[in-house]
Structure formats: structure tokens, C-alpha cells
Amino acid sequence: MPERPVKVRFPPSPTGLLHVGSARTALYNWLYARHTGGSLVLRFEDTDRARSTDDAVDQALRVLEWLGIDWDEGPIRQTERLPVYGEIAERLVTEGSAYRCYCTTQELDAERKQRQAAQLPLIYSGRCRDLTDEQRAAFEAEGRTPAVRFRFDPAGETVIEDMVRGVVQWDNALQGDFIILRSDGIPTYQFANPVDDIDAGITHVLRGEDLLSSTPRQLAVYRALGAPEPLFAHLPMILGPDKKRLSKRHGAVSVEEYRDLGYLAETMRNYLALIGWSFDDKTTVMTTPELVERFTIERVNRSPGVFDVAKLEWLNGEHLRLLEPGRFAEELQAYLERSGSPLAADRERVAEVAPVVQDKLRVLGQFEGFAGFLFGPAVYDDEAVGRVLDDPDAPRALESATEALRRVVEWDAGSIEEALRGACEETGLKPRVLFGPVRIAISGRTVAPGLFESLVLLGREESLERIATLGRRFAVEG
Ligand code: GLU
Ligand code: ZN
């Protein structure tokens, strides 16, 4: 059989926020499609009408857009294709691969209890498998509406060679005749999913390991329809740093929250790629073109991956540093606008401050707290101020810094640094001892962008004013 061009799909169920696990699945499919020159289909599996919402569809589209994951076909919505599933189910009934089941929920519950007591596998007994026309007519006369069940051959085993997990096999006797169409005509996941994959000509199914157990049923649908089978790659689970399944406890699990905190899409792609895949066991920081070039299923791990926000934050700092300075300023401006920060209004100031913070920020959301003092009055942190007031060297440090700064001729970082270092020599104070109180005086905090650059941006007058204001507190409180 000729090799088919790679075609993959991302079929989220729009029942909630698109979380980190789904985003990784989407990314792997996208990387694989782009790496191979194949194509990606986007499909919403929205047949669970009670739980699917348009909001979830919109949110998923926003996340994909933010992540730069584009698709070549779709988005398809399964609820728009209901007649297709009905027709194919009918065809399977006609061909004998499926049959109508008239059992009521109560009957199925009772059957289940009996099987449990008898320690039989909890699968459907198959009692409607071979109903006669008369029996069917009688059920229908009672007003029962049938579901359609797939006739799953209990003999032998289903075996796949999973691209990640290797050979996996299932005992067919434990699969049971599963429902493909409910009595209301809505298809089940186990049926609509392979029907759509067959229609689209999907060649590779890359999805979470939690779906591994649905493979034999879905493959049976392929076989009944005589369709070419895809290869499967079941991706490892994602755990929190405590090795428990990733959940809210571990921080944000919805991808949009990371965008809102000021993570770059570039970082997110890099980080998600590394949960369960590696290039060479040592390379961490990768651009998206590098990921596309390097991504192969062979290097997807079998063991679970860990989602660690601390590592993500570190990686974002790396990506922020990698940005060309103009682009960094644009990202920062765009972030401030999106997050509704008052600092966004002063574009020019943002552009001036950007180079001073580029090396220091790990997420853009830190900017306001970190550099807000360059846009307006400093907000004084009590602990930082307390530290100055308790420091016996601080009055001398502030005083000599004031004198030195008054004498600076050209108000630039080099001259300011020279002047302040001169003050250290004159007073015999170590740079740390002299600079610390000055930093707190101008920024209100112990952690701030570079001191000399900050003084340049504030200007001499404002800088001296802030130093004097803190100095006066010694008279009052010290
Ligand atoms: N709608 C399924 C889910 O989100 C997709 C399963 C699959 O990829 O086959 O879990
Ligand atoms: Zn039945």
C-alpha cells in the first residue's frame, strides 16, 4: 500500500477549559504535521450536549491562536454531522456488524449487578444480539426506542504496535458490545471519533495515554468499515512536581491563565514540548522552528512527564532574554494593554524602561511591581524601609550618594556609576552598603532594575527628591 501523507488531528471535547494536557496534545500533533509536511485537522467532539458549550469552543480557539497552532482542515463540529453517524450505524446494522439493543437503563443496571455478583466481566451480556423480527416488533410496540450496539467479536486479542508504548494487547472477550448510537440518535465517542478519523483519512493518532483503552473498540470500527488503520502514539501522562496527576493544586491548569500572567507563547510551546519529549536529553531552550525541525515521535517518552511552574517561569526568563530588544518592548506593551495595566498608557516610557528590565523579568506580569516606580511615585515596602532605618550606615550612605549625584555632569549610567563608586571610596562604605539604601529610596523595594539605569530614567531631580524623603524619616523615626 502506498504511504499516505501524514494527517493528524486534534479533537478536544469542548466541555471545559483547555488545560495544559490538551494543549500539549495539540502541540505534538501540530509539530508532527509541520515536521513531516503533513496536515492537521481540528475537530470539536461536542456530542455530549449537556456538557459541551460554545464558550469552551471559543476558549479552545483562543488558546490555539495564542499558541500559534494553526490547522489545515476544520474546525469540524460533530453535532453538525449527526446524519453521517446515523447512516454509518445503519450500514453496520445492515451488514451485521451492529445491532439494535432494546434494553432499558433499569434492565442494564440489573444485569450489571447480577454480573458483578457472579464475578463476570462488567460488559453487556449481548442479550439483544440475535433478536428475531417478532421480538423486535414486540419491543417497538411497547414503545421502546433502541440504541445501536457494535457486535464485538469476543475471540482472540487486539494487538497494536503503539509508536510510544510498543506492543499493547487486549483480550477481546473483555471489550463487550458497546453502544455506537444512543437511542436519541446521538453517537458515542467510541464511534463518532473513528468515523471522523476515517472520513478525514487520519494516518496517526497522537493522544493522551488515558485514551489507550478505547483503542480496541475504535479499531474494530475501522475494521468493520474496511478502512485503512492509523498508527497510534499514546502520549505519557502529565504529573505535578509531587508526582501526582496534574490538577488545580499545582497552579494554573488552564493555558490562558499563563498567557494572562505574562508568559510568552514561545515559552509555552517550548515547555509543553518538553513534557514527555526531548531532543537530546540536555537542550532545554528551543525556538519554535527548532522544535518543528527536531520533533519526532521516536523521542516521545513512555514515562510520565512533570509540569513544574518554577521551571516554566525560568524558561520564560530565558525566552524573554532571547527576544530582540524591540520585540521585547512590543511584547511588554501588548501585555500591559491586554492586562489593563495603567502603565500601558505611557508607551514612550514603556519603551525606555524595557531595555532596563529585559534581563531581569521572568514573566511580564512582574513588570508593574518591578518597574512601576519609574512611572510614578514609588510604593514603599515596609520591610525594605525598615531595613534602611535599622541600618546605622544608611544616613551616611544616603548623604554621600546625594552629594555625589549632585556633582554628576552628564546624567548617564556611566557617570552615575562612577560618582557613586567614588562615594564608596570617600566614605569607606562597601558598594552593597551604599547602593542598598539608595535603591530602596528610589524604588521602595529591595529588588529593582539596575540602579544606575533607574536613576537615569528618573532624572536627577526626582532621584534626589526620593533620597531626601527617605533621609527625612531618620529624623522622625530613626
Ligand atoms: N474528544 C476526546 C478527548 O478530548 C479526543 C480523544 C482522541 O483524541 O481520540 O478526550
Ligand atoms: Zn439489549
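A few remarks follow.
- You will find that of Gly74, Gly86, the residue that is open to solvent by 10 Å² or more (accessible area, probe 1.4 Å), within 30 Å of Ala137 (Cβ to Cβ) and either in contact (Cβ under 8 Å) with a residue 60 or more places away in the chain or away from ligand 1 (no atom under 13 Å from the Cβ) (or both) is Gly86 and no other.
- Of all the listed residues (Ala173, Ala227, Ala265, Ala192), the sole one being within 16 Å of ligand 1 (Cβ to nearest atom) and open to solvent by 10 Å² or more (accessible area, probe 1.4 Å) is Ala227.
- Subset of the range 454-477 (residues that are charged (D, E, K, R) and either buried (at least 20 other Cβ atoms within 10 Å of the Cβ) or at pLDDT below 95 (or both)): Arg466, Arg472, Arg473, Glu477
- Within the range 29-106, strands (runs of 3 or more DSSP E) holding 2 or more residues that are in contact with a His (Cβ under 9 Å, 6 or more places away or on another chain) and either among the β-branched types (Val, Ile, Thr) or within 30 Å of Pro154 (Cα to Cα) (or both): none
- Residue check, Val357 buried (at least 17 other Cβ atoms within 10 Å of the Cβ) and over 30 Å from Trp277 (Cβ atoms): yes
- Residues within the range 310-330 that are in contact with a helix residue (DSSP H, G or I) (Cβ under 7 Å, 6 or more places away or on another chain) and of a type outside the set (Phe, Trp, Tyr), tallied: 8
- Candidate set from the range 139-167 (those that are within 30 Å of Glu298 (Cβ to Cβ) and surrounded by fewer than 17 Cβ atoms within 10 Å (Cβ to Cβ)); member that is farthest from ligand 1 (Cβ to nearest atom): Gly156
- Among the residues examined, Ala344 qualifies as part of a helix (DSSP H, G or I), more than 19 Å from Val447 (Cα to Cα) and at pLDDT 95 or above.
- Restricting attention to the range 29-76, the residues being over 16 Å from the mean Cα position of the chain (by Cα) and among the aliphatic types (A, V, I, L, M) number 6.
- Wholly within the range 398-473, helices (runs of 4 or more DSSP H) carrying at least 2 residues that are of a type in the set (D, E, K, R): 413-427, 431-443
- Qualifying residue in the range 441-450 (condition: surrounded by 18 or more Cβ atoms within 10 Å (Cβ to Cβ), farther than 18 Å from Val388 by Cα and not β-branched (Val, Ile, Thr)): yes
- Here Glu65, Glu95 are screened, and the one residue that is away from ligand 2 (no atom under 16 Å from the Cβ), over 30 Å from Arg24 (Cα atoms) and open to solvent by 80 Å² or more (accessible area, probe 1.4 Å) is Glu95.
- Residues located in the range 252-296, provided they are basic (Lys, Arg) and part of a helix (DSSP H, G or I): Arg259, Arg269, Arg294
- When the range 150-186 is filtered for residues that are over 21 Å from Leu211 (Cβ atoms) and touching a strand residue (DSSP E or B) at 6+ places or on another chain (Cβ under 7 Å), the ones remaining, listed by number, are Arg151, Ser183.
- Asp184 falls short of the stated requirement of being in contact with a Gly (Cβ under 7 Å, 6 or more places away or on another chain), over 20 Å from Asn316 (Cα atoms), not aromatic (Phe, Trp, Tyr) and not in a helix (DSSP H, G or I).
- Scope the range 297-317; condition in a helix (DSSP H, G or I) and open to solvent by 50 Å² or more (accessible area, probe 1.4 Å); matching residues: Glu298, Arg299, Ala310, Lys311, Trp314
- Test: residue in the range 203-210 that is open to solvent by less than 40 Å² (accessible area, probe 1.4 Å), in a helix (DSSP H, G or I) and away from ligand 2 (no atom under 16 Å from the Cβ): no
- You will find that of Gly143, Gly156, Gly126, the residue that is closer than 22 Å to Glu95 by Cα and away from ligand 2 (no atom under 12 Å from the Cβ) is Gly156 and no other.
- Sub-7 Å Cβ pairs linking a first residue in the range 100-111 that is open to solvent by 60 Å² or more (accessible area, probe 1.4 Å) to a second residue that is not polar (S, T, N, Q), at least 6 apart or interchain, are Arg100/Val93; Arg100/Cys128; Arg100/Arg136; Arg100/Pro146; Arg100/Val148, ordered by first then second residue.
- Residues in the range 1-27 that are within 13 Å of ligand 1 (Cβ to nearest atom) and closer than 20 Å to Asp196 by Cα: Val8, Arg9, Phe10, Pro11, Pro12, Ser13, Pro14, Thr15, Ser22, Thr25, Ala26.
- Pairs linking a residue in the range 262-284 that is within 16 Å of Val309 (Cβ to Cβ) to a residue that is surrounded by 22 or more Cβ atoms within 10 Å (Cβ to Cβ) and β-branched (Val, Ile, Thr), with Cβ atoms under 9 Å and 6 or more positions apart or on different chains, are Met268/Val255; Leu272/Val20; Leu272/Val255; Ile275/Val20; Ile275/Ile238.
- Residue in the range 128-138 that is open to solvent by 20 Å² or more (accessible area, probe 1.4 Å), away from ligand 1 (no atom under 16 Å from the Cβ), free of Cβ contacts under 8 Å to residues at least 60 places away in the same chain and within 24 Å of Thr215 (Cβ to Cβ) present: yes
The values are calculated or read from the model by the stated rules, or taken from the named source; none is laboratory data. Computed from a predicted structure; not experimentally measured. Methodologically, a virtual Cβ is constructed for each residue, glycine included, from the backbone with ideal geometry; neighbour enumeration extends over all protein chains shown. Areas reflect the complete protein model, heavy atoms only, side chains present, ligands, DNA and RNA absent. Shrake-Rupley method; radii C 1.70, N 1.55, O 1.52, S 1.80 Å.
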